[in-house]
Structures are given as C-alpha cells and as structure tokens.
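Beneath this line is the structure, given in structure tokens, with notes to follow.
What follows is calculated from the coordinates using simple rules that are stated; it is not laboratory data. Every value quoted in this text rests on a predicted model; they were computed, and no experiment measured them. All Cβ positions, glycine included, derive from the backbone under ideal geometry; neighbour counts span all protein chains shown.
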Amino acid sequence: MSPPSRRLQTKPVITCLKTFLISYSLIFWFTGVILLAVGVWGKVSLEAYFTLASEESTNAPYVLIGTGAIIVIFGLFGCFATCRGSPWMLKLYAMFLTLVFLAELVAGVSGFIFRHEIKAKLGVAYDNAVTNYNSTDGGSSSSGAVDVIQRTLHCCGVNNYTDWSETAYFKASGIPASCCKDSANCSPESLKDLDKAGQEVYTVGCFARVTHVMESNLGIIAGISFGIAFFQLIGIFLSCCLSRYITNNQYEMV
C-alpha cells in the first residue's frame with residue numbers, strides 16, 4: 001500500500017483530467033449534433049447536386065446522419081465513462097476516437113489529392129445533364145437537378161447560358177425557364193433567341209460558379225477538416241492518461 005501523501009497527489013490530477021475530458025466529450029458530442037444537422041440539411045437542400053453527380057440517389061446525407069448519430073452516442077459514452085472512472089470504458093472511448101481520427105484523416109487527404117478528379121467528374125456529369133436535358137423527365141432526374149441548381153445558384157448552363165444553344169432542347173424549346181431572372185418577363189420567344197435571352201436569363205455558368213466557391217474556400221475547408229481530425233488526438237491523450245492514473249490509483253490503494 002502506497003503512502004497517503006502519494007494518493008493525495010494523484011487524486012487532484014484525476015479530478016483535473018476528468019474535468020478536461022468531460023469538457024472535451026461535450027464538445028465532441030456537439031460536433032456530432034452539427035454533423036446530424038448538416039446531414040439532414042444536405043438531404044433536404046442538396047439532393048439535386050448529389051443526384052447530378054451520381055445520376056442516381058446517393059447515400060452521402062445518410063452517411064453524415066449516421067456518423068453524427070454515432071458521435072453523439074459516443075460523446076455521451078465518453079462523459080459517462082469519465083464520471084464512472086472506468087479504465088476499460090476510457091480505453092474503449094480512446095479506441096473509438098482513434099478510429100474517427102484515422103477515418104477523417106484519410107477522407108481529408110483523399111479529398112485534397114483527388115480534388116481535380118472530383119471537379120472533372122462533376123464537370124462531365126453537369127455537361128451530360130445539360131446536353132441530355134428534357135424538362136419532362138421529372139424532378140428526381142438529372143434534368144430536374146439542373147433546374148434546381150440553376151434556380152438556386154442564379155446561373156445558367158455549364159460555363160454560360162450560350163451552352164444551351166448546342167442542345168436538342170434549345171432547338172425545340174429554347175433555354176429552360178429555370179434560367180430566367182424573372183419568370184414573368186421570360187417569354188418562349190425570347191428564350192429561343194440567344195441575343196434576347198441574354199437580357200432575361202442568368203449569364204454566369206453553374207459549373208464555373210460552383211468551382212469558384214470551392215477553390216476560393218479550399219484552404220479554409222482543408223484547415224477546418226484537419227483541425228477537426230487532430231482535435232481527436234486531445235481526447236485520445238486525455239482518455240489514456242485518465243485511464244492510467246485511475247488504474248495506478250486503484251493499485252496503490254490495494
């Protein structure tokens with residue numbers, strides 16, 4: 001049995017580590033809530049973009065929702081394990097944080113390395129959607145996605161509104177009404193004439209607008225992504241330290 005003075009020195013350290021780890025777990029839990037909210041928002045608001053990129057329904061929003069739910073659960077588990085002072089629970093929590101760290105790191109590096117390929121794939125998908133556009137396809141198709149994107153981003157075509165002149169739809173019906181700045185002022189006749197349409201429709205291309213926003217914020221996105229990933233290291237360190245101190249304290253009391 002160790003001297004009482006040594007045990008008295010260990011207990012304040014354990015209390016301090018518990019305070020830090022509970023605070024960390026609450027922040028970790030909050031990030032899970034944010035992921036849940038982003039997943040739900042993405043499913044509701046960004047379905048058109050996912051449909052366009054994959055040409056079919058995607059599970060990306062559900063992945064965010066599922067990941068957010070798991071983080072929320074383990075964030076609460078971390079608080080419970082810290083309050084209970086259970087070494088095996090703390091080690092399990094540290095293991096989960098390690099898996100999250102590795103997954104986020106791999107996803108961030110892959111996204112940064114293959115950003116040009118992702119951009120090119122999205123450009124080809126959007127170009128194909130414009131070329132094969134048919135307003136009678138329905139809202140869940142790539143044509144419906146093009147309409148949603150053009151209305152939402154206030155853009156028209158791939159690079160600009162003149163891209164529509166090469167499509168079969170333009171020859172039959174002109175530029176889609178989703179390009180109109182004000183649908184009340186857009187007549188079928190003006191939409192069939194590029195010169196007249198230039199005054200009534202958005203002139204900026206959708207692909208150019210999307211990629212400009214992505215590239216201008218790439219550094220910020222990368223910094224936030226890696227910052228969140230390395231944030232897990234703090235939790236791993238605190239969990240392992242607290243587990244070791246609690247185990248040593250229990251051993252000293254024997």
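A few points about this structure:
- Across the stretch 68-85, rounded Karplus estimates of 3J(HN,Hα) from the backbone phi angles (6.51 cos²θ - 1.76 cosθ + 1.60, θ = phi - 60°) give x, 5, 5, 5, 4, 5, 6, x, 5, 4, x, 4, 5, 5, 5, 5, 6, x Hz, Gly and Pro being marked x.
- Reach of residue 91 by Cα under 27 Å, taken over lysines that are not fewer than 8 positions away in the same chain: 11, 18
- Close amide-amide hydrogen proximity is noted between residue 201 and 181, each under 5 Å apart and 5 or more residues distant or on a separate chain (H modeled in the peptide plane; Pro and chain starts excluded).
- Difference of contour (0.36 nm per residue) and Cα-Cα distance, residue 80 to residue 244: 57.3 nm
- For peptides 160-172, 11-23, sequence by mean Cβ density within 10 Å, most packed first: 160-172, 11-23
- Using the average count of surrounding beta-carbon atoms within 10 Å as a protection proxy, the listed peptides 94-102, 73-81 rank, highest first, as 73-81, 94-102.
- Calculated FRET efficiency for the pair residue 152/residue 185, C-beta based, R₀ 22 Å, to 0.05: 0.65
- Cα-based reach from residue 121 at 30 Å (exclusive), listing lysines while leaving out same-chain residues under 8 positions away: 43, 171, 181, 192
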